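Below: one structure, written as structure tokens.
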Amino acid sequence: MLRNLLNNIIFQSVFLMTTLILMGIFIPNWLVFVVTKAIAYGLVGLGIITLMRGGLVSFGQGFVFGIGGYSAGLLGVHAGLTDAILLLFISFIVTGLVGLIIAPLLARYRDIFFAMLSLAFSMVLYGILIKIDAIGGSDGFVLPESTYFGIKPTTDYADYVLYVVSILVAGFVSILLRYYYNSTPGLIALAVRENELRVEYLGSSAFKVAVLNFTIAAGLGGMGGALNGIALGHIDPEFTYWTTSGEFVFISILAGYLSVPAVFLAALLLELVRSFSGRYFPDTWQLILGVFLILSIIFIPSGIGSFFKNFFDTFSKNKKS
Amino acid sequence: MRIFRQSLILLSSVLASFLTFLGTANADGHGEFKLGVVTFLSGPAAEPFGVPAWNGGKLFIKLLNEGKAPAPYNKKGFGGMKITAIPIDESGGATKQVQEFRNLVQRDKVDAVLGYVSSGDCMAIPSVADELKALTVLYDCGTPRVFEDASYKYVFRTAAHAAMDNIAIAKYLIEKGHDISSIAGINQNYAWGKDSWKDFSVSIKKLSPNSEIKNELFPKIFSGQYGTEISALLNSKAKVVHSSLWGGDLQSFILQAKPRGFFKRTQVVFSAGDHVMPGLGNKYPEGVILGARGQYGMMAPDTALNAWWYKTYMDEYGVFPAQPPYRMVQGLMGLKMAIEKAMEKNGGKKPNKDQIADAFKGLEFEAPGGLVQMKLGNGHQAIQPHAIGKTAKDKNGNITVTDIVRYKASCVNPPNGIKAVDWINAGFPGADC
């Protein structure tokens, strides 16, 4: 009974979320902010992992990240819509729809062709955004402060409230994705990764799986973009630039596709390493970051998630024996 | 077992790094003023711009801490408080900078932040600065929009915005009797380049309605290759070619245009052209009309303060200071004056942010580049005198700047409350020259 409860994914997530929310009261302000930002990046990373399970990697998640960020920002500036939760939800829907529209085109390609085509989409959007002066051009624009159910928290608490919201969103998304990964289409994705031809012969459609996964990834990317924009209070075309997309790919590789929470941990790690190397080695921070990336790829090739999975596997084996 | 050990190593390393992070957050010292300094330390803008700026800043902060700067900057540090500077790299875009800014304010608990070369960063930072109630001095960026489109309580810019550069160049061309019957421009395809070209071309049109615009080229920022653009400009046969290129882009443009005789065949004007002179040396072309975004470097005024600064920088680094170090020092001087003014009011104790912000508003101070007056944006945006000159070879064959014309601050800057572009369009009403 107890073991069943402990193994229950919802129980685990709720426990973790409560701990993190309580922890947020005690950790310093800057860390609250860094965690929020890591969750935003982690959401996009989750999208890429969803694709990775089906053997695809998108180098252009900046595309949906940017659309999500800009739709949240433009709704805030022009429509006066500042409710953070509503904006996150709308961005998810909007980018999900955009994803659904372009997915049939992208899903026909595999490997490097898929990656390059997705990259092309994001760079086209970048090119368009820097040229539109009405929305700030290359400078981007500032978002209004967000509200929550009609209440605007004072600046002292704004960071914490957004932190709580992002933890809840991340937890909710993680639970749903875990169920999706274990569902029939979720498992077919793994099979497609192994052998696409065989999946087709067995009567499933690899194309449909790719479309579904890309749509989910797009929605998540948009939500991440909106969260990032709301947290920073500023949006610019850099959101869609290829280096931003590259960071998402790195987060996904660092996390690996075995564990959902590992993605958020990977995003947090990258954020911390970057910010502290920038603080203490202002002239050579890229070097430190580069060494970190190389070392993590050499020593944990299947990602941080592999630690989790191995750990839990041994844990349950010990229990059984 | 192996897995267990692995996860133990991972956990302990994460924990250890956390502890070191927390350990570095030290308490506020009494006699200390923590200053975050943000400027380009990597990327294409670092070598000609960010690094010399920080070199100047570093040197000046050291001299201030030793109490070795001349009057009125001879008090040690900021009003006796030792300045501890935390340099941060500006590269990586506005969103990254917003985050670095928050880190400086919330994690390092700096008393003020001085920085920002890129206009995009200057647009993004102020709203966060006001939200976090963090005193912020923008030391360089050009876009007039910062204080024209919004107002902030804790944000100040200690240097004139970019409108001045292009208005003054247009005036210079006319005063010196240059042929401006046709003009062309090559500017980067982002806010700075577009605004600069607009300010220049509209100013020319206002001052000489018959001149014709031949070519408006907007290559990508940091593109570094200008072969096609140079051909197009040569073919257009425009009498004057205007450019606000800067940093590595300006260097590349000069090096690619010079062998094709570009500078001999047309009158080139660079609105921010001096800061690549220390790097290019005698490769810099003759006969170019240029501004330095203020009276800086070879166009600096003949004052004791400037003579001291020019020599001090030259002795330390072996090259003359161009606009970047001048501008950073100007920012530091403004901040120092504001702090010391606030301190006096506060009975000699360390003033808080609101007191410094109050003292900063409408401040006037003497910098190496002339008198800086915080007159625009309700006392948050500086105006300063300007100078335009022309490059020539001196008798030793070294490139220098001659034919310098100086402009009063009120001659090339709009009055308070009027947007720069509206002021130009209206034909400079109330300009005091």
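Within segment B:272-295, is even one residue in contact with a His (Cβ under 6 Å, 6 or more places away or on another chain) and closer than 30 Å to B:T228 by Cβ?
no
Could you tell me whether A:G225 is among the small types (G, A, S), crowded, with 22+ Cβ neighbours inside 10 Å and in a helix (DSSP H, G or I)?
yes
Identify the residue in segment A:245-259 that is within 12 Å of the chain's Cα centre (by Cα) and crowded, with 22+ Cβ neighbours inside 10 Å and, among all such residues, is nearest to A:L125 (Cα to Cα).
Restricting to residues being within 12 Å of the chain's Cα centre (by Cα) and crowded, with 22+ Cβ neighbours inside 10 Å, the top hit is A:S245.
Considering B:K349, B:K390, which residue is assigned to a strand (DSSP E or B) and among the basic types (K, R)?
Only one candidate passes the filter, namely B:K390.
For residues that are of a type in the set (G, A, S), touching a strand residue (DSSP E or B) at 6+ places or on another chain (Cβ under 9 Å) and assigned to a helix (DSSP H, G or I), tally how many sit in segment B:310-346.
3
Taking segment B:393-414 on its own, how many of its residues are assigned to a loop (DSSP other than H, G, I, E, B), free of Cβ contacts under 8 Å to residues at least 40 places away in the same chain and over 16 Å from B:M277 (Cβ atoms)?
2
Testing B:M123 on (1) within 22 Å of A:R274 (Cα to Cα); (2) within 19 Å of the chain's Cα centre (by Cα); (3) at the interface with another protein chain (Cβ under 9 Å from one of its Cβ atoms), one condition comes back false. Which one is that?
Unmet condition: (1).
Take segment A:15-39 and flag every residue that is within 10 Å of chain B (Cβ to nearest Cβ) and part of a helix (DSSP H, G or I).
A:N29, A:W30, A:L31, A:V32, A:F33, A:V34, A:K37
Could you tell me which residue of segment A:266-285 is surrounded by the most Cβ atoms within 10 Å (Cβ to Cβ), considering only residues that are more than 8 Å from every other protein chain (Cβ to nearest Cβ) and in contact (Cβ under 8 Å) with a residue 40 or more places away in the chain?
This residue is A:A267.
Of these, B:K75, B:K58, B:K68, which one is among the basic types (K, R), assigned by TED's automatic domain parsing to the domain that holds B:S127 and touching a residue at least 60 places away in the same chain (Cβ under 8 Å)?
Residue meeting the stated conditions: B:K75.
Is there a residue in segment A:158-165 that is within 30 Å of B:S127 (Cα to Cα), in contact with an Asp or Glu (Cβ under 9 Å, 6 or more places away or on another chain), within 14 Å of chain B (Cβ to nearest Cβ) and not hydroxyl-bearing (S, T, Y)?
Scanning segment A:158-165, I find at least one residue that is within 30 Å of B:S127 (Cα to Cα), in contact with an Asp or Glu (Cβ under 9 Å, 6 or more places away or on another chain), within 14 Å of chain B (Cβ to nearest Cβ) and not hydroxyl-bearing (S, T, Y), so the answer is yes.
Do we have any residue at all in segment B:173-193 that's within 14 Å of chain A (Cβ to nearest Cβ), under 26 Å from B:Q295 (Cβ atoms), among the basic types (K, R) and surrounded by fewer than 21 Cβ atoms within 10 Å (Cβ to Cβ)?
Scanning segment B:173-193, I find no residue that is within 14 Å of chain A (Cβ to nearest Cβ), under 26 Å from B:Q295 (Cβ atoms), among the basic types (K, R) and surrounded by fewer than 21 Cβ atoms within 10 Å (Cβ to Cβ), so the answer is no.
Give segment A:116-131 a look and list any residue that's surrounded by fewer than 19 Cβ atoms within 10 Å (Cβ to Cβ) and either in contact (Cβ under 8 Å) with a residue 60 or more places away in the chain or away from every other protein chain (no Cβ under 12 Å) (or both), or say none.
Passing the criteria: A:M116, A:L117, A:A120, A:M123, A:V124, A:I128.
Show me the helices (runs of 4 or more DSSP H) found entirely inside segment B:223-309 where at least 1 residues are polar (S, T, N, Q) and not assigned by TED's automatic domain parsing to the domain that holds B:S119.
In segment B:223-309, B:227-236, B:247-257 are the helices (runs of 4 or more DSSP H) which contain 1 or more residues that are polar (S, T, N, Q) and not assigned by TED's automatic domain parsing to the domain that holds B:S119.
For segment A:286-304, indicate whether the set of residues that are under 30 Å from A:I9 (Cβ atoms) and within 8 Å of another protein chain (Cβ to nearest Cβ) is non-empty.
yes
Check whether at least one residue in segment A:137-144 is at negative phi, of a type in the set (S, T, Y) and within 14 Å of chain B (Cβ to nearest Cβ), and report yes or no.
Taking every residue of segment A:137-144 in turn, at least one turns out to be at negative phi, of a type in the set (S, T, Y) and within 14 Å of chain B (Cβ to nearest Cβ).
Listed residues B:M277, B:M298; which is over 15 Å from the mean Cα position of the chain (by Cα) and surrounded by fewer than 24 Cβ atoms within 10 Å (Cβ to Cβ)?
Checking each option against the conditions leaves just B:M298.
Conditions (1) of a type in the set (D, E, K, R); (2) touching a residue at least 40 places away in the same chain (Cβ under 8 Å); (3) surrounded by fewer than 18 Cβ atoms within 10 Å (Cβ to Cβ), marked per residue:
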{"position": "A:S183", "(1), (2), (3)": "no, no, yes"}
{"position": "A:A189", "(1), (2), (3)": "no, yes, no"}
{"position": "A:V199", "(1), (2), (3)": "no, no, no"}
{"position": "A:F207", "(1), (2), (3)": "no, yes, yes"}
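It is to be established whether one or more residues within segment B:78-98 are part of a loop (DSSP other than H, G, I, E, B) and more than 12 Å from every other protein chain (Cβ to nearest Cβ).
Looking for residues that are part of a loop (DSSP other than H, G, I, E, B) and more than 12 Å from every other protein chain (Cβ to nearest Cβ), one finds at least one in segment B:78-98, hence yes.
All but one of (1) under 16 Å from the mean Cα position of the chain (by Cα); (2) at pLDDT 90 or above; (3) among the small types (G, A, S) hold for A:G60; which doesn't?
(2)
Looking at A:G221, A:G233, A:G229 in this structure, which one is modelled with pLDDT of 90 or more and over 30 Å from A:P185 (Cα atoms)?
A:G229
The values are calculated or read from the model by the stated rules, or taken from the named source; none is laboratory data. Keep in mind it's a predicted model, so treat the numbers as computed, not measured. Using ideal geometry, Cβ is built from the backbone for each residue, glycine included, and neighbour counts are taken over all protein chains shown.
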